[in-house]
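The numbers here are math on the coordinates, done by the rules we state, and not lab data. From a predicted model like this one, the values you see are computed outputs, not experimental measurements. As a convention, Cβ positions derive from the backbone with ideal geometry for all residues, glycine included, and neighbour counts pool all protein chains shown.
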Amino acid sequence: MQKVYGLTVSVMTVLALLYAFQNYYPEFMHLFSNAFPPVISGGAVIVSGLSLERYWRKAKGPFSKAWFYFTLGLFFWFMGEAIWAGYTLVLGVEVPYPSIADVFWLAGYIPFFIALYLYVKIFGCALTKKTLAASMVTTIVLTIIVTGVLLVPVLGAEEDLLVEVADFAYPLLDLALFSVAHLGLILFWKGKLGKPWFLINLAIAMDTCADILFSYLTAHNAYYCGHMLELLYHFSYLLFMLAFYLHAKEL
Amino acid sequence: MNQERSMFEKALVEAIDEGLLMLGEGGREVVYFRLRHSYALSKEDVPAHPEIFIECLRKIFGSGSKAIEKTIIKGLYSKLGLTYAEKKNFDFFEYLNEAKKQLGL
């Protein structure tokens, strides 16, 4: 298990260094920034798919259903990454946003939400009304904060309606995932499943931060391929991979 | 008395077997595997050491184990022909003792 943690931290460090010193190799960075996301998201699909295969082979129980949706969600995100890479590397579009890639990214949230919901629902009766109420208040507060943070920069940028919708949709959909995922963390925190659920929550938190930053930066035309915020997306996929690997090890 | 105790133990083993199915057969096997390898306890020994079984569940699922415990208790009460009524602050062991008391064990 230590090896897997070590490998994850090493990959994260290498990625951070690669982005930190990108001024020395701008052309490579442009290629890497666009070609790496399909690789890492494809890796996440494979790890999730292996868990799915394992749960499916053992028995078609609740975990196999949840992992089917996790894998489907990650597959949609992989498609989004691949299409983005196609736009930038093949068609030469600088920042293809919004594009067909967004259709896949946004679609991916649906199965991912279903997966989290199906999983947490199994253990739902262990959650007290007080916990559920606190969780709901937290989610509402976070939604208000995120909307508040984005309202002025996004609406002030006078973008197309479609772009404005996408700017708000990603962070808010991330929060929808978080609203269920953190219940899983509360449920399993003290158990062996606590680690994978912590990592799932951390991955979603990173995605949320990355999407808020992306919306903000694109509204100000300040996003470019190779921007440091991409690290958050890469880390998020890595954390999902680690979480699914650990879950399959524990259960 | 011995016959009733044996009936109780058999019902508990069955209730555990069925209750763990909420995790799917794979999940149930993992719990039994952990029980055997980490606690040297087979499922048939659980009625004699329910505290070990619950510890094993809580080590894997944390607070989430309460959902499994509840399903098991409901199943047990149903098998024993007892009425299950949810009681505040009652844990797995208190429900077990309550059932035993009602059966006069």
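Here are a few things to note about the model shown:
Matching residues to (1) β-branched (Val, Ile, Thr); (2) over 22 Å from A:ILE200 (Cβ atoms):
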{"site": "A:PHE123", "(1), (2)": "no, no"}
{"site": "A:THR131", "(1), (2)": "yes, no"}
{"site": "A:THR139", "(1), (2)": "yes, no"}
{"site": "A:ILE144", "(1), (2)": "yes, yes"}
{"site": "A:THR147", "(1), (2)": "yes, yes"}
{"site": "A:GLU159", "(1), (2)": "no, yes"}
{"site": "A:TYR170", "(1), (2)": "no, no"}
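- Of all the residues in segment A:45-85, those that are more than 12 Å from chain B (Cβ to nearest Cβ) and over 15 Å from A:PHE244 (Cα atoms) number 10.
- Test result for B:LEU82, of a type in the set (A, V, I, L, M), at negative phi, surrounded by 12 or more Cβ atoms within 10 Å (Cβ to Cβ) and part of a loop (DSSP other than H, G, I, E, B): yes
- Residues located in segment A:91-110, provided they are β-branched (Val, Ile, Thr) and either assigned to a helix (DSSP H, G or I) or in contact with a Pro (Cβ under 9 Å, 6 or more places away or on another chain) (or both): A:ILE100, A:VAL103, A:ILE110
- Picking from residues in segment B:49-84 that are among the aliphatic types (A, V, I, L, M), away from every other protein chain (no Cβ under 14 Å) and within 11 Å of the chain's Cα centre (by Cα), the one that is nearest to B:TYR32 (Cα to Cα) is B:ILE52.
- Of all residues in segment B:8-37, those that are more than 9 Å from chain A (Cβ to nearest Cβ) have Cβ atoms under 8 Å from Cβ atoms of residues that are surrounded by 18 or more Cβ atoms within 10 Å (Cβ to Cβ) and outside any helix (DSSP H, G or I), 6 or more apart or on another chain, in B:LEU35/B:LEU41.
- Test: residue in segment A:70-81 that is surrounded by 17 or more Cβ atoms within 10 Å (Cβ to Cβ) and free of Cβ contacts under 8 Å to residues at least 24 places away in the same chain: no
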